[in-house]
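Colleague: Structure provided below as structure tokens; questions to follow.
What follows draws every value from the coordinates through simple rules; no lab data is involved. A quick note: this is a predicted structure, and the numbers were derived from the prediction, not measured. Glycine gets a Cβ as well: all are built from the backbone with ideal geometry, and neighbour counts include every protein chain shown.
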Amino acid sequence: MSRILVLYYSSWGHVEQMAWAQAEGAAQVAGTAVTVKRVPELVPPEVAKQAGYRLEQKAAVASPLELGDYDGILFGTPTRFGNMAAQMRNFLDQTGPLWAKNALLGKVGSVFTCTQSQHGGQETTITSFHSTLLHHGMVIVGMPYTAPGITTMREVTGGTPYGASSITGAGEEMRMPSELELGMCRFQGGHVARITSELVAGRAR
Ligand SMILES: Cc1cc2nc3c(=O)[nH]c(=O)nc-3n(C[C@H](O)[C@H](O)[C@H](O)COP(=O)(O)O)c2cc1C
């Protein structure tokens, strides 16, 4: 049995939807137990309410030190100025005690994101996130070009070899993750769960 955590932050529900799709994909892999959790909100409640944040989300809030209980972790964060959201950064900055005892060494880490604009920094968010995972000694897994739809020109879509992604658009064009984007999330979840279970089985031999 291998244990996968999908850990995310989401202000308006886009990354939240992507996280559940990742979990769906991971759960398809035999012998995989999947947990979905989110990191704590840091924005003052009145500011969050005014900005229309989705404050009620069904995923439980994670504690930083529980990351060591999983074999693979899929991290989801919206892009903020080309980087991960502060809520996720703050959570990761509390994982020093795990780093000190190599608790995440050799575990699988993978990242997905969401931006408002097509070229608003999906790759920079994901690849800069990878630095933290590498400091923890994690094995980074992306989303290979075998993901369905990753090269399509039929519609405007997220999807990068670094990890699944979605584009929200703005104003009248704003949307939730498309079926194509959610499909790539399911694909990444399955891909990560398969690699994780192979690593876990290999170590047990
Ligand atoms: C402070 C701030 C910074 C943002 N920076 C970017 C950015 O650099 N590029 C971009 O395309 N979108 C940016 N966005 C839009 C968010 O990425 C988008 O709202 C988010 O992906 C939606 O996901 P969520 O509903 O899960 O929070 C930013 C939003 C905020 C509030």
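Colleague: Just to verify a number: FRET efficiency for Val43 and Lys101, C-beta to C-beta distance, R0 = 30 Å, to 0.05?
Modeller: E between Val43 and Lys101, to the nearest 0.05, is 0.45.
Colleague: Hey, got a sec? Which chymotrypsin sites (Phe, Trp or Tyr not before Pro) in region 107-205 land in a DSSP loop and have at most 10 other Cβ atoms within 10 Å?
Modeller: Tyr145
Colleague: For the chain, list the DSSP H helices whose alpha carbon atoms reach 30 Å or more along the long axis and whose average Kyte-Doolittle value is -1.0 or above?
Modeller: Length and hydropathy pass: 179-204.
Colleague: Among rounded, prolate and oblate, which fits region 28-130 when a ≥ b ≥ c are the square roots of the eigenvalues of its C-alpha gyration tensor, a/c under 1.5 means rounded, and a/b larger than b/c means prolate?
Modeller: Prolate shape, in that a/c is at least 1.5 and a/b is the bigger ratio.
Colleague: Normalised by the residues of the chain, what does the relative contact order come to in percent, with Cα pairs under 8 Å and at least six apart?
Modeller: It comes to 27 percent, rounded to a whole number.
Colleague: Right, next: Can you list the lysines whose alpha carbon sits under 22 Å from that of Lys58, skipping same-chain ones fewer than 8 residues off?
Modeller: Partners within reach: Lys37, Lys49.
Colleague: Please give me, ordered by residue number, the GluC sites (Glu not before Pro) of region 50-141 that lie in loop per DSSP and have at most 14 other Cβ atoms within 10 Å.
Modeller: Glu56
Colleague: Under 5 Å between amide H atoms, partner at least 5 residues away or on a different chain: which partners does Val139 have, H built in plane at 1.01 Å?
Modeller: Gly106, Lys107, Val108, Gly109
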